[in-house]
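Trainee: Could you have a look at this structure, given as structure tokens, before my questions?
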Amino acid sequence: MKILVTGGAGFIGSHIVDMLVKAGHQVAIVDNLWEYGGGRLEHINPQATFYKTDIRDPKLAEVFEQERPEAVCHAAAQHSVKLSTDDPRHDAEVNILGLINLLQCCTQFGTRKIVFSSSGAIYGTVEHMPIHEITPKHPQSPYGITKLATEYYLGFWKDMHGLDFTALRYGNVYGPRQDPTGEAGVIAIFTQAILLGEPIRIDWDGEQQKDYVYVDDVARANLIALTRGNGEAYCIATGQGTSVNALYRGLVDVTGKEVEIIQAPRRPGDIYLSYFDCQKAAQQLGWQAEIGIEEGLQRTANYFRTNLKEL
Ligand SMILES: NC(=O)c1ccc[n+]([C@@H]2O[C@H](COP(=O)([O-])OP(=O)(O)OC[C@H]3O[C@@H](n4cnc5c(N)ncnc54)[C@H](O)[C@@H]3O)[C@@H](O)[C@H]2O)c1
């Protein structure tokens, strides 16, 4: 199949590209290598065709005219909660106007399906765990709002123009190539700091838990969703919470190194326990997370150890 991956030079997008190429698909990438994003030229699979193009740019139509993708995996985004709060206009320009440009190209050039990288951020603070697909949604940042709005646009586009979609609501994704300077990548941040012997900061009492899903599992969900789950949204995570303290201890185990811990107060909006129920993805997509946290931390540490000097 001919597939276009937006954000294909980024952390998650580049793993999606690798998996699609490995599965025998013909892949093109659109990415503008945004300065605050995780996109890197060295992440780009050499077997994919790369277009350094902004999803907001009218020239996106030229890429579609050239490639005529049957499906799009849409992973490009303004992906920072903090930046979305500081500059909601930029967030909306990329995550909404960029989306509309992309959707118009899809309908103009006959794309059949779009698989969207959505986020658990659409739910906001949830009191009763686990989070299900039908859990009420109260996004608490412009980023969460634009992710949820995208899902509504996809529903509209399917009804109006017949473009199929699947929305994949990721938990906290981690693994090789994650930007260790990003705001949310606690595993990447800790791994790099531990390998460099630098102190790490642990907020609150460190027992707060989130659902960390390994990037290859996320990429595999994209591959499956190309042909399944039309018109549906799925939680894509592990179904288990892991505490910040447990992440640190796990990384100490796999690296054999300990570093100084700086205790910090709870950050506003931090929640104590967050994890997803992924039964719907298991039943309808035949997907479930396969890489456990120990294995995922080991693989992540191996990557950072090899690539540290280049970061
Ligand atoms: N990392 C996570 O834990 C997580 C969780 C939930 C959802 N997501 C979503 O997954 C997707 C990928 O996130 P990531 O963590 O790999 O981030 P990333 O920054 O590594 O990847 C995003 C890519 O999008 C590109 N991009 C940004 N603006 C663009 C524009 N205007 N035009 C074209 N390309 C543009 C960036 O250059 C980058 O390569 C995003 O949609 C993000 O919202 C990520």
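Trainee: Going residue by residue through the range 18-37, is there one that turns out to be within 13 Å of the ligand (Cβ to nearest atom), among the β-branched types (Val, Ile, Thr) and assigned to a helix (DSSP H, G or I)?
Mentor: So far as the range 18-37 goes, no, none of its residues is within 13 Å of the ligand (Cβ to nearest atom), among the β-branched types (Val, Ile, Thr) and assigned to a helix (DSSP H, G or I).
Trainee: On the basis of being within 15 Å of the chain's Cα centre (by Cα) and surrounded by fewer than 21 Cβ atoms within 10 Å (Cβ to Cβ), does Ser80 make the cut? Outline the logic, then answer.
Mentor: Details: within 15 Å of the chain's Cα centre (by Cα): yes; surrounded by fewer than 21 Cβ atoms within 10 Å (Cβ to Cβ): yes.
For Ser80, the condition - within 15 Å of the chain's Cα centre (by Cα) and surrounded by fewer than 21 Cβ atoms within 10 Å (Cβ to Cβ) - is met.
Trainee: Can you pull out the residues in the range 54-68 that are surrounded by fewer than 18 Cβ atoms within 10 Å (Cβ to Cβ) and either of a type in the set (S, T, N, Q) or under 30 Å from Phe304 (Cβ atoms) (or both)?
Mentor: Gln66
Trainee: Can you name the number of the only condition in (1) within 30 Å of Thr125 (Cβ to Cβ); (2) touching a residue at least 40 places away in the same chain (Cβ under 8 Å); (3) not in a helix (DSSP H, G or I) that Lys257 fails?
Mentor: Of the numbered conditions (1) within 30 Å of Thr125 (Cβ to Cβ); (2) touching a residue at least 40 places away in the same chain (Cβ under 8 Å); (3) not in a helix (DSSP H, G or I), the odd one out for Lys257 is (1).
Trainee: Which residues, counting only those in the range 59-75, are charged (D, E, K, R) and either within 10 Å of the ligand (Cβ to nearest atom) or part of a helix (DSSP H, G or I) (or both)? Please lay out each step first, then the result.
Mentor: Initial filter on the range 59-75 (charged (D, E, K, R)): 59, 62, 65, 67-68, 70.
Once the filter is applied, which keeps residues that are charged (D, E, K, R) and either within 10 Å of the ligand (Cβ to nearest atom) or part of a helix (DSSP H, G or I) (or both), the range 59-75 yields Glu62, Glu65, Glu67.
Trainee: So Pro180 clears everything in (1) at pLDDT below 95; (2) surrounded by fewer than 18 Cβ atoms within 10 Å (Cβ to Cβ); (3) not assigned by TED's automatic domain parsing to the domain that holds Ala9 except one condition, right? Which one?
Mentor: Pro180 satisfies every listed condition except (2).
Trainee: Condition first: hydrophobic (A, V, I, L, M, F, W, C), more than 22 Å from Thr111 (Cα to Cα) and in contact with a Gly (Cβ under 8 Å, 6 or more places away or on another chain). Now tell me which residues in the range 35-65 satisfy that.
Mentor: Pass one, the range 35-65, residues hydrophobic (A, V, I, L, M, F, W, C): 41, 44, 48, 50, 55, 60-61, 63-64.
Subsequent filtering for residues that are more than 22 Å from Thr111 (Cα to Cα) retains 41, 44.
Ile44, the sole residue that qualifies.
Trainee: A follow-up question, please. Among the residues of the range 81-131 satisfying the criterion of being farther than 30 Å from Tyr272 by Cα and of a type in the set (D, E, K, R), which is farthest from the ligand (Cβ to nearest atom)?
Mentor: Arg112
Trainee: Considering only the range 42-58, how many residues are in contact with a strand residue (DSSP E or B) (Cβ under 9 Å, 6 or more places away or on another chain) and more than 10 Å from the ligand (Cβ to nearest atom)?
Mentor: Here the count works out to 5.
Trainee: If a residue has to be at pLDDT 95 or above, small (Gly, Ala, Ser) and not in a helix (DSSP H, G or I) to count, how many in the range 184-233 make the cut?
Mentor: Number of matching residues: 5.
Trainee: Same structure again: From Gln47, Gln78, which residue is outside any helix (DSSP H, G or I), at pLDDT 95 or above and farther than 26 Å from Gly182 by Cα?
Mentor: Working: Gln78 fails: farther than 26 Å from Gly182 by Cα.
Sole residue among the options that is outside any helix (DSSP H, G or I), at pLDDT 95 or above and farther than 26 Å from Gly182 by Cα: Gln47.
The values are calculated or read from the model by the stated rules, or taken from the named source; none is laboratory data. Just so we're clear, the structure is a prediction, and the values are computed from it rather than from any experiment. Neighbour counts run over all protein chains shown; Cβ positions are idealised from the backbone, glycine included.
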